[in-house]
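Asker: Please find one structure pasted underneath; my questions will follow.
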Amino acid sequence: MSGLRLIVPPASGRRETLAVAALVAAIAVGAVAVVSLHRETAEASVLPGWQIDLRHELNAAEQGLTADLLNAVAEIPFLDDPSAESLAGEGIPPFAQDATAETRGGHVWQEIPPDAGGNRGWIGIPAAPERARSLLLRLADDTPAVWLAEAADAPAALDDAALIRVGWRQVSFAYAASVTREVRP
């Protein structure tokens, strides 16, 4: 065995490198194909002039107040007297005067007597209008709606036409597109 010589070439990763590169390229091409096949176009819906978009046209304080008002709707049927004072006494936001209420404009809430159509309402007039505008929670047939106005007094009637006539805009919180996508007309 002394005369036999075996030459061993140095280890090379050339074949493995080419195989991994080909696999990565195939995965990338496959991913591009899947994404291009599943592409959907979202149609932007334009709101009427008397509505306002919760996500784009309200500031953070107004968005928080709207969420609080919609959550308060669930509590109202359980109260014998759902006046603004009793809602505040129960600690229900945004009616309760706490630190959060102050940072969101310090609204003073009052109940609006039911109108001829049976609509009930609660209006919040801000102490700091630079933080948040006036808000109105209206219950019509137990269906809640939040309305917003620049500077407003309590409206005489709570139907849509009356509110629109005096400058209130309904907050729209039904979306046609995903919350994570921004679709503008």
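Asker: For region 51-172, what is the Kirkwood estimate of the hydrodynamic radius, computed as the reciprocal of the mean inverse distance between distinct Cα atoms, to one decimal in Å? Write down the numbers at each step before the final one.
Answerer: Values: mean 1/r = 0.0706 Å⁻¹.
Value: 14.2 Å, from the Cα pair sum.
Asker: Where does each of 50-58, 78-86 land if you order them by average Cβ count within 10 Å, highest first? Before the final figure, lay out each step's value.
Answerer: Values: 50-58: 15.8, 78-86: 12.9.
Those peptides, ordered most packed to least, come out 50-58, 78-86.
Asker: To the nearest 10 degrees, how steep is helix 14-37 against the longest Cα principal axis of the chain, on a 0 to 90 scale?
Answerer: Between the helix axis and the principal axis of the chain, the angle is about 30 degrees.
Asker: Among 124, 82, 171, which residue has its Cα positioned farthest towards the positive end of the charge dipole of the chain, with +1 placed on the Cβ of Lys and Arg, -1 on the Cβ of Asp and Glu, and the dipole taken about the Cα centre?
Answerer: Working it through, the farthest residue towards the positive pole turns out to be 171.
Asker: Would you be so kind as to identify which of 91, 50, 12 lies farthest towards the positive end of the dipole of the chain, taking Lys and Arg as +1 and Asp and Glu as -1 on Cβ and the Cα centre as origin?
Answerer: Sorting the options by dipole projection puts first 12.
Asker: While we're on this one: Describe numerically, in nm with one decimal, the distance between label points set 7 Å from Cα along Cα→Cβ at residue 153 and at residue 90.
Answerer: Once both label points are built, they end up 3.0 nm from each other.
Asker: If you roll a 1.4 Å probe over the chain with all protein chains in place, what percent of the accessible area is carbon or sulfur?
Answerer: Details: 6920 of 12100 Å².
Ligands and nucleic acids excluded, carbon and sulfur give 57 percent.
Asker: Given that compact globular proteins tend to follow 2.2 N^0.38 Å, what is the ratio of the alpha-carbon Rg of region 1-60 to that value?
Answerer: Numbers: Rg = 30.0 Å, N = 60, 2.2 N^0.38 = 10.4 Å.
It is 2.88.
Asker: Now for a separate question. At what distance in nm do the modelled label points of residue 102 and residue 142 sit from each other, each positioned 7 Å from its Cα along Cα→Cβ?
Answerer: The answer from the label model is 3.8 nm.
Asker: Ok, one more. Could you give the size of the charge dipole of region 57-185 about its Cα centre, using +1 on the Cβ of each K and R and -1 on the Cβ of each D and E, expressed in debye and rounded to the nearest 20?
Answerer: 580 debye
Asker: Moving to a separate point now. Tally the DSSP beta bridges in the chain and give the antiparallel ones as a percent, rounded to 5. Let's see the in-between values first.
Answerer: Working: 19 of 22 bridges.
Beta bridges within the chain, antiparallel portion: roughly 85 percent.
Asker: Could you tell me the center-to-center distance, by alpha carbons, between region 138-158 and region 15-78 in angstrom?
Answerer: A separation of 30 Å, based on Cα centres.
Asker: Averaged per residue, what accessible area in Å² does region 12-104 show with a 1.4 Å probe, protein chains only? All intermediate terms of the calculation are to be shown ahead of the outcome.
Answerer: Numbers: 6270 Å² over 93 residues.
Value for region 12-104: 67 Å² per residue.
Asker: Turning to a different aspect of this structure: Quick check for me: using +1 on Lys/Arg Cβ and -1 on Asp/Glu Cβ, what's the dipole size of region 85-139 about its Cα centre, in debye to the nearest 20? Write down the numbers at each step before the final one.
Answerer: Values: 5 positive and 7 negative charges, 48 e Å.
In total the dipole reaches around 240 debye.
The values are calculated or read from the model by the stated rules, or taken from the named source; none is laboratory data. No experiment lies behind these values; they were computed from the predicted model shown. When we count neighbours, we look across all protein chains shown, and the Cβ atoms used for this are built from the backbone with ideal geometry, even at glycine. Just the protein is used for accessible areas: all its heavy atoms, side chains included, with ligands, DNA and RNA removed. Shrake-Rupley method; radii C 1.70, N 1.55, O 1.52, S 1.80 Å.
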